[in-house]
Amino acid sequence: MKKSTKRIGLVIWLIAMAWGVFGVSQRLLHGELQVNYGGYIPWGLWVVGKAYLIGLGIGSSLFVWIVYAFDLKKYFPLARQTLFASAIALLMGTMVIAFDLGHMWRALEPLYRPHFTSLLAWATWLNVLYLLYVVLVFCLDIASKTGFGTRRAFGWIGIFLGIAFSGCGGAEFAALIAHPYWNSTLGPILSIAGDFLSGFAMVLLLAAFFQEDLLGSDSQSLSQLSRVVLGLIVLVVVLEWSEYSISAWYGVGQETTLHNDVLFGSSWYLFWIGQLLIGAIIPAILLLRQPASRTAAGIGGLLVAVAYFVARYNLVLPGQTTPTFAGLQNAYTDSRLTFAYSPSSVEWAVLVFWVALGIGLFIGGRRLAPLSEDLHLARTGGR
Amino acid sequence: MEKDRGSRDTEGPEVERAGKDRTCESVRHQTGRRELLQTIFMGAAAVACATFGLDGEARASTCSAEANLAGPLLAPKGLVEGNQLDRMRHELLLAMKKPVSKRKWVMVIDQQKCIGCRACNISCNTENNLPPGVVYRPVLSQEVGKYPNVGRVFTPKPCMHCDNPPCVPVCPVKATWKREDGVVVIDYNICIGCRNCLEACPYSARTADFGDFYGMGTPEIMPYETRPNYEYSKEWKRKPNSDDSPVGNARKCHFCLHRLREGMLPACVTTCLGGATYFGDFNDKNSLVHELLGSSRVRQLKPELGTKPSVFYLA
Ligand code: SF4
Ligand code: SF4
């Protein structure tokens, strides 16, 4: 990377951190006074951020588990860096959701007072277990203790845990009968597919821009990874299509109204421009290029990974914007009892803080931790 | 107390009969100053009836309503709310003598009697000292029909205290549960404020306490905002810029459990101007609520969800 680009990046990062520190301090000093979610839209930007960051963490680590489980040696060199990024994403997602709690100091209560009928209790347990698991494998990897046979076992356990955690995240929404927009059997499947997509896109981005040694010497690996991401884009688009088209076919029912609102309501651009154009069409064009160019693959991965935030936003928010009863919004006048929501600056600042901190940790960690390993040794699995 | 009920029961029908027997004609034949005033009033009503062309039925009801003004004690039974409150209070005391598991609290709301005054909403806010953003009993107001044939339906909407409550299993820390007497409660000291239960409730009956005060941004937060409330028979004191519970918690109607314990009806029941809200023990077959639930007008909100609400409406 050029020096000037690095300098611009550093300045942006410092501004983001400064703003983020302001937001975090406001949250810590004044609690939830400065958030815009309320009684009728109880989940706002921080829930979106959590779903997104945790999804990135799960999806990217699933890449490593698959590589390990199926012994895909040529991708071994990506594992360490990917696990590091995954752990950071999971940790940042966890912190964001802790800030969302009315009592953030009670965040660990579901661990020692779990109510296992609750998917949220399961998600909390899986969150902690999964994060520890990723950190454990990462540490073992660095300590060079994961020999070939163990890698395979770690891979299979990781696949099981990762899919369970991802599905649980989707089911958290899908099981809520109060919200027809979420209450869909496709929810957990879409969540798993989405986590795979965003996570693999992040791996592609990291591989293209941060692991030049690997992909510089092996453009075939990059092409294959690009094709996998392309396949995942198609899968997610097909799932989204089936979700939307079924309700639209006869044009009746509550889901139809909700879906129409996403597609043609005041925030139509989130779906058409954010999700579809930036998150699927442009990356698909970039990833179709064969043989893959590092820049095209990296930008494609970046677009998919970033635009998936919009998909998460479009999952969490529209599910809550329709009153459960006609006229509920007029029954009691209060700024927190409305069905309109746009995140406050403090909400954005807190999210930006954790994302910027995560990026800082990743870049700093890359310098300190031995994230790149000897290519030949990594590929042969021998250390 | 039984005697009380008996005496009310004999008084009731008489009152009703007296009200019905009075006609415009009989009022006109009474003498005295009061009657004279009444006669003038009735005359005006008759002129109004003729002028505005009310049909026969409407005119008759106007006349009989005016006739009742002559003696407030002779008002129709339904308008004397003291009776139904006394009866419900009496039944409440009987129920409180039973073990918790033997009672089943239900609420019945007569939408034909609800006038949409929101007195219940206000009294609930006052009783529980609710801050901004928290509401336990909003009153929905819905226009029905098309002009010129329009009407308005009011739906006070507390927590339904569902028998199959979707809000309970979603709580990750078991901070909310259904008591044996049917009341769904929240332990503020356990609740972590994840608001999962708010999302799970199909009735939007739960809101969350974000620590707001009406006086925030003004020179002073008034003492009435920081006085404690006594939900669940404990003292809860909210302080500005503090996240001590109930700030940060999910909050909702609890059928005024703290009042029931003291032998008092829920605040919304005692303050209902239209006498539209009934409360009692459904396990008591002689109770007023049990009687009302035998009506063909009974309905529930969103019954198709299978939540089995304990709040019923008389449509
Ligand atoms: S109305 Fe809502 S909050 Fe009340 S018991 Fe039913 S689901 Fe729970
Ligand atoms: S907000 Fe409180 S009561 Fe509701 S689900 Fe979360 S912890 Fe349970």
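Can you confirm whether A:A98 is part of a helix (DSSP H, G or I), of a type in the set (A, V, I, L, M, F, W, C), within 13 Å of chain B (Cβ to nearest Cβ) and surrounded by fewer than 21 Cβ atoms within 10 Å (Cβ to Cβ)?
Working: part of a helix (DSSP H, G or I): yes; of a type in the set (A, V, I, L, M, F, W, C): yes; within 13 Å of chain B (Cβ to nearest Cβ): yes; surrounded by fewer than 21 Cβ atoms within 10 Å (Cβ to Cβ): yes.
Against the criterion (part of a helix (DSSP H, G or I), of a type in the set (A, V, I, L, M, F, W, C), within 13 Å of chain B (Cβ to nearest Cβ) and surrounded by fewer than 21 Cβ atoms within 10 Å (Cβ to Cβ)), A:A98 qualifies.
Has region B:175-185 got any residue that is within 14 Å of chain A (Cβ to nearest Cβ), in contact with a Ser or Thr (Cβ under 7 Å, 6 or more places away or on another chain) and in contact (Cβ under 8 Å) with a residue 40 or more places away in the chain?
Looking through region B:175-185, none of the residues is within 14 Å of chain A (Cβ to nearest Cβ), in contact with a Ser or Thr (Cβ under 7 Å, 6 or more places away or on another chain) and in contact (Cβ under 8 Å) with a residue 40 or more places away in the chain.
If you check every pair at least six apart or on different chains, which have Cβ atoms under 7 Å apart with a residue in region A:157-176 that is in contact (Cβ under 8 Å) with a residue 60 or more places away in the chain and within 15 Å of A:I54 (Cα to Cα) first and a residue that is assigned to a helix (DSSP H, G or I) and of a type in the set (D, E, K, R) second?
Close Cβ pairs (under 7 Å, with a partner that is assigned to a helix (DSSP H, G or I) and of a type in the set (D, E, K, R)) amount to A:S166/A:D195.
Check off (1) within 23 Å of the chain's Cα centre (by Cα); (2) among the charged types (D, E, K, R); (3) away from ligand 1 (no atom under 15 Å from the Cβ) for B:E220 and give me the number that stays unchecked.
That leaves (1) as the condition not met.
Which one of the conditions (1) under 28 Å from B:A95 (Cβ atoms); (2) among the aliphatic types (A, V, I, L, M); (3) within 16 Å of ligand 1 (Cβ to nearest atom); (4) under 15 Å from the mean Cα position of the chain (by Cα) does B:I122 fail to meet, given that it meets all the rest?
(3)
I'd like the full set of residues that are surrounded by fewer than 18 Cβ atoms within 10 Å (Cβ to Cβ) and either within 14 Å of ligand 1 (Cβ to nearest atom) or farther than 16 Å from B:W105 by Cα (or both), limited to region B:273-293.
Passing the criteria: only B:L273.
Out of the residues in region A:95-129 that are more than 16 Å from A:G170 (Cα to Cα) and among the β-branched types (V, I, T), which is farthest from the chain's Cα centre (by Cα)?
A:V128
Within region B:223-249, can you find the residues that are within 16 Å of ligand 1 (Cβ to nearest atom) and within 14 Å of B:N128 (Cα to Cα)?
We begin by selecting, within region B:223-249, every residue within 16 Å of ligand 1 (Cβ to nearest atom); these are B:231-232, B:246, B:249.
Selection gives B:E231, B:Y232, B:P246.
List every residue pair whose Cβ atoms lie under 7 Å apart, where the two residues are 6 or more positions apart in sequence or sit on different chains, the first residue falls within region B:149-167 and is in contact (Cβ under 8 Å) with a residue 12 or more places away in the chain and farther than 18 Å from B:A267 by Cβ, and the second residue, located anywhere, is near ligand 1 (Cβ under 8 Å from one of its atoms) and charged (D, E, K, R).
B:P165/B:K178; B:C167/B:R206
Find all pairs meeting these conditions: Cβ atoms under 9 angstrom apart; at least six residues apart or on different chains; first residue within region A:33-49 and without any contact (Cβ under 8 Å) to a residue 60 or more places away in the chain and assigned to a loop (DSSP other than H, G, I, E, B); second residue among the aromatic types (F, W, Y) and surrounded by 22 or more Cβ atoms within 10 Å (Cβ to Cβ).
The qualifying pairs are A:L33/B:F210.
Considering only region B:172-186, how many residues are more than 9 Å from ligand 2 (Cβ to nearest atom) and either crowded, with 22+ Cβ neighbours inside 10 Å or within 22 Å of the chain's Cα centre (by Cα) (or both)?
Qualifying residue count, region B:172-186: 7.
Go through region B:172-204 and count every residue that is closer than 24 Å to A:L111 by Cα, of a type in the set (S, T, N, Q) and within 12 Å of ligand 1 (Cβ to nearest atom).
2
Results for (1) surrounded by 20 or more Cβ atoms within 10 Å (Cβ to Cβ); (2) more than 9 Å from ligand 1 (Cβ to nearest atom); (3) assigned by TED's automatic domain parsing to the domain that holds B:R251, shown as yes or no for each residue.
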{"position": "B:P166", "(1), (2), (3)": "yes, no, yes"}
{"position": "B:V170", "(1), (2), (3)": "yes, yes, yes"}
{"position": "B:A208", "(1), (2), (3)": "yes, yes, yes"}
{"position": "B:G215", "(1), (2), (3)": "no, yes, yes"}
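Yes or no, residue by residue, for (1) over 14 Å from A:G44 (Cα atoms); (2) outside any helix (DSSP H, G or I); (3) of a type outside the set (D, E, K, R); (4) without any contact (Cβ under 8 Å) to a residue 40 or more places away in the chain:
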{"site": "A:I281", "(1), (2), (3), (4)": "yes, no, yes, yes"}
{"site": "A:I285", "(1), (2), (3), (4)": "yes, no, yes, yes"}
{"site": "A:Q290", "(1), (2), (3), (4)": "yes, yes, yes, no"}
{"site": "A:A305", "(1), (2), (3), (4)": "yes, no, yes, no"}
{"site": "A:Y308", "(1), (2), (3), (4)": "yes, no, yes, no"}
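Among the numbered conditions (1) buried (at least 22 other Cβ atoms within 10 Å of the Cβ); (2) within 13 Å of chain B (Cβ to nearest Cβ), tell me where A:Q81 comes up short.
Going through the list (1) buried (at least 22 other Cβ atoms within 10 Å of the Cβ); (2) within 13 Å of chain B (Cβ to nearest Cβ), A:Q81 breaks only (2).
Out of A:L14, A:L72, A:L10, A:L33, which single residue is surrounded by fewer than 21 Cβ atoms within 10 Å (Cβ to Cβ), over 23 Å from A:Q275 (Cβ atoms) and within 14 Å of another protein chain (Cβ to nearest Cβ)? Let's see the steps before the verdict.
Numbers: A:L14 fails: within 14 Å of another protein chain (Cβ to nearest Cβ); A:L72 fails: within 14 Å of another protein chain (Cβ to nearest Cβ); A:L10 fails: within 14 Å of another protein chain (Cβ to nearest Cβ).
Sole residue among the options that is surrounded by fewer than 21 Cβ atoms within 10 Å (Cβ to Cβ), over 23 Å from A:Q275 (Cβ atoms) and within 14 Å of another protein chain (Cβ to nearest Cβ): A:L33.
If I ask for residues that are part of a loop (DSSP other than H, G, I, E, B) and either surrounded by fewer than 20 Cβ atoms within 10 Å (Cβ to Cβ) or in contact with a helix residue (DSSP H, G or I) (Cβ under 8 Å, 6 or more places away or on another chain) (or both), which ones from region A:335-362 would you list? Spell out the reasoning first.
Of region A:335-362, the ones part of a loop (DSSP other than H, G, I, E, B) are A:335-344.
Scanning region A:335-362 gives A:S335, A:L337, A:T338, A:F339, A:A340, A:Y341, A:S342, A:P343, A:S344.
Scan region B:133-146 and give yes if some residue there is away from every other protein chain (no Cβ under 13 Å) and in a loop (DSSP other than H, G, I, E, B), otherwise no.
no
The values are calculated or read from the model by the stated rules, or taken from the named source; none is laboratory data. Source: prediction; values computed, not measured. Note that each Cβ is placed from the backbone with ideal geometry, even for glycine, and that neighbours are counted across all protein chains shown.
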